[in-house]
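The values are calculated or read from the model by the stated rules, or taken from the named source; none is laboratory data. The structure displayed is predicted, hence computed values, not measured ones. Don't worry about glycine lacking a Cβ; one is built from the backbone with ideal geometry, like all the others, and counts go over all protein chains shown.
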Amino acid sequence: MKKKSKWLRNVVVVLLIVGASVYFLRTRGVMTIEPGTTLVLELEGEYVESPQPSLLARALGEGQRPFVSLLSLLALAERDQRIGTVVLVVRPLSMGWGKAEELREAIARVREAGHPVIAFLDMASFNATREFYIATAAEKIHVIQGGAVPVVGLAAEYLFLGGLWEKVGVSFDVGKAGKYKSAVEYYTGSEMSGPNREMASSLLDSANGAFVQAIVEGRNMSLDGVRAAIDQGPVTPSELMAQKLVDGVGDLKGLLDELPGEVIYGEDYAQVDPKDVGFEPVASVALVYGTGSIVQGRASRSPGGAPVMASRTFTEVIEEVAEDPEIDAIILRMDSPGGSALASEEMWQALVAARAQGKPIVASFSDVAASGGYYVAAGADAIISNGGTLTGSIGVFALRPVLAGTFDKLGIARESMTRGAFADLLLTGEPLSTGAKARLQSIVLDIYQLFLERVAKGRDLEISRVDAVAQGRVWTGRQAFEIGLVDEIGGLHTALDRVRTSLHLAPDDDLELVIRPAPKTVSEEIADLFNSRIASLAESVVPIPRMLRPLRALLAEMPEGRPLLVPPVWVEIH
């Protein structure tokens, strides 16, 4: 009876997933678009750097969407003369400052093409900083009656887990290279070090400067006026109106009723054939994603369903597109905090080998391309970064947990035997001997030196120059450009411009983006799903605080006791 019940439950799960897949993947009929039509794009949920969200995410209705699809819709509207006004319905978003800046620039291009853009803030939140930042790209901003859109400045919060480990009897042997390699502090410490505080303050200043400047330009206000408005702490629609941060208060239906012409929503507009607006590609560009924690092996997602950047999978894709005669160039779209040092080196080698075949390779940074993510990208011909991207973090660390205290608390006796002067590196019950600790540090320093050499070669810099801006320090894309770690500020649009230049094409020549590897079929995704542990189902029962989710992913994916290339990615500027 139990076996029959289990079999029946599995069949039901499969049917539910297939049904959800059909719902999410079905095509819609193409609508006739009349001149002067209003396009409504609803911006909400999480936008991911992948061909498509995982099947599980779609089945559970988690609201994940490919970011490139949103950019494509805006690019389509930009050149579609049948579209009149574009209305952006902005709801709570889950994206970093890199994507937010890239989205804002895409909206600006729609305006420059002659389409009026109105942002409608449909939200009541304690945290709406990025949503308002994006909305300032529109000509006018409206907010829903009864909403709440706090424009109160920026804040960053840092967690230190040392006290937690102390309570359960865990300590760590640490090896690190780089005085700013503060990821170690968050695992083992109880306060922020001086270099870490310096770095954190610099990152916050950079993000705040971009936020304030966006309001200055978008709302046609003075710098002093914007700062004064923020210090008033406007939240309610009436307060936002009083500070001249929005233009109107009401409801979406009323706003749309005031606009001329028909209305089409983004989900229907997505069915428009790009050829209908004159899209004629003259070259093909492979868009290769580098998303998630860097790990060894072959995989596209972690057991919990999160995207991972696996060395063998990545290497095979790069080799494939480098040899494909129908592919003219490669864009590596990076949204990775790093991870395994060895996997990063393997992928760097694959990029360098692909470059030797003559095809241009451009790295395009999304929200995060730091540490191991930056290591890999250093193998590209050029690096394009959004201004708000977290990047750099050229440094290494290794953590070796010491469980003696935990064993004592649990009443577990232990004995160990070794053969070899440094064999205690293989144990977890006792702290390392002085010699073994020195050996751990020497391994980390060797990897750091290799990291410096890889960046120096890729960026055509002296190693001493790289070391001066490395030391594990995280930079924003704007800061990285100033110190020579990236070539240009911009997003995917700018990366495509760089490809046109490399291929000696005209600035207005169209390029076709070919996603590699291609999105998986439903049957392939179902197979992957049943071959993995569905950790996100457990999270739906016991939610994990947002600040701890990236840390949870790192702890789940990263091997202990090995050198890692990871920045403090669970720190977020709100």
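Looking across 560, 462, 488, one residue alone is over 21 Å from the mean Cα position of the chain (by Cα) and modelled with pLDDT of 55 or more. It is 462.
Note on region 484-510: residues that are surrounded by 15 or more Cβ atoms within 10 Å (Cβ to Cβ) and either among the basic types (Lys, Arg) or in a helix (DSSP H, G or I) (or both) total 10. In region 398-429, the residue that is surrounded by the fewest Cβ atoms within 10 Å (Cβ to Cβ) out of those that are part of a loop (DSSP other than H, G, I, E, B) and among the hydroxyl-bearing types (Ser, Thr, Tyr) is 416. Take residue 330 and tell me if it is in the same structural domain as residue 511 (by TED's automatic domain parsing) and either in a strand (DSSP E or B) or free of Cβ contacts under 8 Å to residues at least 12 places away in the same chain (or both). Here the answer is yes, as residue 330 does meet what is asked.
Filtering region 351-373 to residues that are surrounded by fewer than 24 Cβ atoms within 10 Å (Cβ to Cβ) and under 27 Å from residue 471 (Cβ atoms) leaves only 352.
Inside region 440-462, can you point out the residues that are of a type in the set (A, V, I, L, M, F, W, C) and assigned to a helix (DSSP H, G or I)? 440, 443, 444, 445, 447, 450, 451, 452, 455, 456, listed by residue number. Evaluated against (1) at pLDDT 95 or above; (2) crowded, with 24+ Cβ neighbours inside 10 Å, residue 346 falls short on exactly one condition, (2). Only strands (runs of 3 or more DSSP E) whose full extent lies in region 262-310 are considered here, and the ones with at least 1 residues that are under 30 Å from residue 328 (Cβ atoms) and modelled with pLDDT of 90 or more are 281-291, 293-295, 308-310. When residue 111 is tested against (1) surrounded by fewer than 20 Cβ atoms within 10 Å (Cβ to Cβ); (2) not in a helix (DSSP H, G or I), exactly one condition is not met: (2). Please tell me if residue 317 is more than 20 Å from residue 500 (Cβ to Cβ) and not in a loop (DSSP other than H, G, I, E, B). So residue 317 passes the test.
If you go through region 229-287 and keep only what is free of Cβ contacts under 8 Å to residues at least 60 places away in the same chain and small (Gly, Ala, Ser), you end up with 238, 242, 254. Quick check: is even one residue across region 421-432 under 28 Å from residue 308 (Cα atoms) and within 21 Å of the chain's Cα centre (by Cα)? Within region 421-432, none of the residues are under 28 Å from residue 308 (Cα atoms) and within 21 Å of the chain's Cα centre (by Cα).
Right, residue 217: surrounded by fewer than 20 Cβ atoms within 10 Å (Cβ to Cβ), touching a residue at least 24 places away in the same chain (Cβ under 8 Å), within 30 Å of residue 151 (Cα to Cα) and charged (D, E, K, R) or not? Yes; evaluated as a whole, the condition is true for this residue. When residues in region 196-238 are screened for being over 30 Å from residue 176 (Cα atoms), of a type in the set (D, E, K, R) and not in a loop (DSSP other than H, G, I, E, B), 4 of them pass. Residues in region 452-479 that are farther than 21 Å from residue 196 by Cα and surrounded by 14 or more Cβ atoms within 10 Å (Cβ to Cβ): 454, 455, 456, 457, 458, 459, 461, 463. Looking only at region 239-248, decide whether some residue is surrounded by fewer than 16 Cβ atoms within 10 Å (Cβ to Cβ), basic (Lys, Arg), assigned to a helix (DSSP H, G or I) and in the same structural domain as residue 117 (by TED's automatic domain parsing). Looking through region 239-248, none of the residues is surrounded by fewer than 16 Cβ atoms within 10 Å (Cβ to Cβ), basic (Lys, Arg), assigned to a helix (DSSP H, G or I) and in the same structural domain as residue 117 (by TED's automatic domain parsing).
Contact annotation: residue pairs with Cβ atoms under 7 Å, 6 or more positions apart or on different chains, pairing a residue in region 381-400 that is under 25 Å from residue 162 (Cα atoms) and polar (S, T, N, Q) with a partner that is at pLDDT 95 or above and outside any strand (DSSP E or B), are 393/374. Residue 169 satisfies every condition listed in (1) in a loop (DSSP other than H, G, I, E, B); (2) closer than 26 Å to residue 472 by Cα except (2).
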